[in-house]
Amino acid sequence: MLLKDAQGNPILDENGNQVKKETGIIIAFYFWMQNRLQIYQRNYKKFEDVLGDIGGLSSIVLTLATVINILFTDFITLLDTEELLLSLEYKNYSSSV
């Protein structure tokens, strides 16, 4: 922090350098600790957990496949039933004429 006079001008010393405000700190100690311990922690999944993750994913895939299969077979059944009923109606109509 720089010192300023009453008008706000910086105070200069005899060499023309700006005078800095003293902090009052005389000495400082820095402790450099060199005997620090570094710990590496590793986490491995257990084989049972991996199998459970695979089983959960496969059950989701199988559920989706089952839903798609049910929709597809129901639609095919509906189309076949419609074709059968329309062909019977056409046969009945043509035989009565």
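Every number here is computed from the coordinates shown, using simple stated rules; none is lab data. Quick caveat, the model's predicted, so the values are computed rather than measured. Because the Cβ atoms are built from the backbone with ideal geometry, glycine has one as well, and the counts that use them run over all protein chains shown.
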- request: Kindly rank 55-61, 44-50 from highest to lowest mean number of other beta carbons found within 10 Å of each residue.
  value: 55-61, 44-50
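Over the chain, consider all pairs of different Cα atoms and compute the Kirkwood hydrodynamic radius from their mean reciprocal separation; express it in Å, one decimal. Write out the running numbers ahead of the final one.
Values: mean 1/r = 0.0407 Å⁻¹.
The Cα-based Kirkwood calculation yields 24.6 Å.
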